[in-house]
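Trainee: This structure is in structure tokens; I'll ask about it shortly.
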Amino acid sequence: MSALDRLFQRIEGYRNEIIMLQSELTSRVALGPDNGGSGEHEKSAYLFEKLKEMAPASLEEIRSPDVRAHQGYRPNLVARWNGETHHPTVWVLSHVDIVPPGDLNLWEGDPYRVRVEGDRIIGRGVEDNQHGIVSSYLALKAIRESGEVLKRPVGLAMVADEETGSEYGLDYLLKNRPDLFSSDDLIVVPDGGNNEGTMIEVAEKSMLWLKFIVTGEQCHGSTPEKGKNTLYAAARLIVDLEKLKKEFALEDPLFRPPRSTFEPTKMEGNVPNINTIPGRDVFYMDCRILPQYSLDEIMQYAEKIAGEVAGQLHLSIRIETYYRQEATAPTPSDAPVVVALKEAITRVKGLEAKPMGIGGGTVAAFFRRLGLPAAVWITETDTPHQPNEYCLISNIISDAKVFAYLYLGG
Ligand SMILES: [Zn+2]
């Protein structure tokens, strides 16, 4: 049996360790102030001790000031271990914070007390992002316990505030500690993927959230000629906005789905009763745009469509940008981190992984904006942010093997 196979065997024996870590982490509720909590301190302090047990070359708690949080800061952990060479470092960046459990009636038990059912561990945060924390940590633990030597340096970063914008998490680290990451490092963000573990996310679409405000004139339901019905106008506009799909129809096979998407989503309430014709309607659209298009051209075209509908129905339509994030340059499909991940996934799972683009929204964008080639990868269930969120122990084991392979340098 090779040294690597022995290492993998050791990782396969970690079931109890995984359940213990997941229980401890889940019981330490890490909600940011935007989600009604006081921060990640308790969970982060627990992780600090776990990391310290593994004798890192350096271990830092980097505090980002946040007056709303416990003790006025948000904790970010960065631990590093030396390798035989000094360069490049393999980084795994996971996040400590969680999203709230939502409607407790939809949970079959206490979201903060894990339940184990066969291969499943159920609880808030077990997949998003404790899966990443536990698998990257246990990979290193297995290497240390087996006496293997790291070929290259390894860094584990466990940050705050991923779920509410990263201002106090990764964004803070990158702005205040530019010494940490370098462009030849291999940076993995284990916070997104598919069920098989074959999707390596390297690109994201631009995001554009638009708010449409339709203003007409309210009147009695029996005398429509005296008013201007904004619900009708909003409906017409929603149908006409379908033209965006035709106008911006480019397909890029790197992305899933390959086209830009333009979806009407939220609708604000208008009148409370049936016999009043509404004079104001507000709805929103979530657009995920291929990086080949500029968001300004999308806006201009949406304005044109809205202008036509407003002109035909003699009322006014205003468009506001609710949120806008221009796509960053993708991580190249042949970047060292992608190549190394592909090789590791093939060795561990016997599957061929592919670089892909998604609809947008991971912290990898913060790295990519600075020219740091990050790849998002994990073997993920579809349960993050859902009631009864669960992870699979077998996925954590297989992903820990992939990380171990990466740490050892193949
Ligand atoms: Zn996450």
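Trainee: Could you grab me the full set of residues in region 325-351 that are among the aliphatic types (A, V, I, L, M), buried (at least 17 other Cβ atoms within 10 Å of the Cβ) and in a loop (DSSP other than H, G, I, E, B)?
Mentor: ALA327, ALA335 - these are the residues of region 325-351 that are among the aliphatic types (A, V, I, L, M), buried (at least 17 other Cβ atoms within 10 Å of the Cβ) and in a loop (DSSP other than H, G, I, E, B).
Trainee: To continue, here is another question. Every residue in region 120-157 that is out of contact with any Cys (no Cβ under 9 Å at 6 or more places or on another chain), over 20 Å from ILE187 (Cβ atoms) and surrounded by fewer than 24 Cβ atoms within 10 Å (Cβ to Cβ), please.
Mentor: LYS141, ARG144, GLU145, SER146, GLY147, GLU148, VAL149
Trainee: Using beta carbons and a limit of 7 Å, which pairs, at least six apart or on different chains, have the first residue in region 347-365 and under 18 Å from ASP286 (Cα atoms) and the second one within 16 Å of the ligand (Cβ to nearest atom) and among the aliphatic types (A, V, I, L, M)?
Mentor: Once the first residue is under 18 Å from ASP286 (Cα atoms) and sits in region 347-365, its partners that are within 16 Å of the ligand (Cβ to nearest atom) and among the aliphatic types (A, V, I, L, M) give THR362/VAL189; THR362/VAL376.
Trainee: Between residues in region 71-96 that are on the phi > 0 side of the Ramachandran plot and polar (S, T, N, Q) and residues that are more than 16 Å from the ligand (Cβ to nearest atom) and part of a strand (DSSP E or B), which pairs lie under 9 Å by C-beta distance while being six or more apart or on different chains?
Mentor: Hits for this filter: GLN71/GLY39; GLN71/ARG63.
Trainee: Take the residues of region 244-278 that are over 30 Å from the mean Cα position of the chain (by Cα) and in contact (Cβ under 8 Å) with a residue 40 or more places away in the chain: which is most open to solvent (accessible area, probe 1.4 Å)?
Mentor: Looking at the filtered set, the residue picked out is ILE274.
Trainee: Could you identify the single residue in SER183, SER222, SER206 that is over 27 Å from ARG324 (Cβ atoms) and either in the same structural domain as VAL134 (by TED's automatic domain parsing) or not aromatic (Phe, Trp, Tyr) (or both)?
Mentor: Sole residue among the options that is over 27 Å from ARG324 (Cβ atoms) and either in the same structural domain as VAL134 (by TED's automatic domain parsing) or not aromatic (Phe, Trp, Tyr) (or both): SER222.
Trainee: Just checking, which of ASP191, ASP240, ASP185 is charged (D, E, K, R), within 16 Å of the ligand (Cβ to nearest atom) and modelled with pLDDT of 95 or more?
Mentor: ASP191
Trainee: Within region 195-215, how many residues are within 16 Å of the ligand (Cβ to nearest atom) and either within 13 Å of the chain's Cα centre (by Cα) or not in a strand (DSSP E or B) (or both)?
Mentor: Selection size over region 195-215: 2.
The values are calculated or read from the model by the stated rules, or taken from the named source; none is laboratory data. What you see is a predicted model, and the numbers here were worked out from it, not measured in a lab. Backbone-built Cβ (ideal geometry, glycine too); neighbour counts: all protein chains shown. We work out accessible area using only protein heavy atoms, side chains counted, and drop any ligands, DNA or RNA first. Shrake-Rupley method; radii C 1.70, N 1.55, O 1.52, S 1.80 Å.
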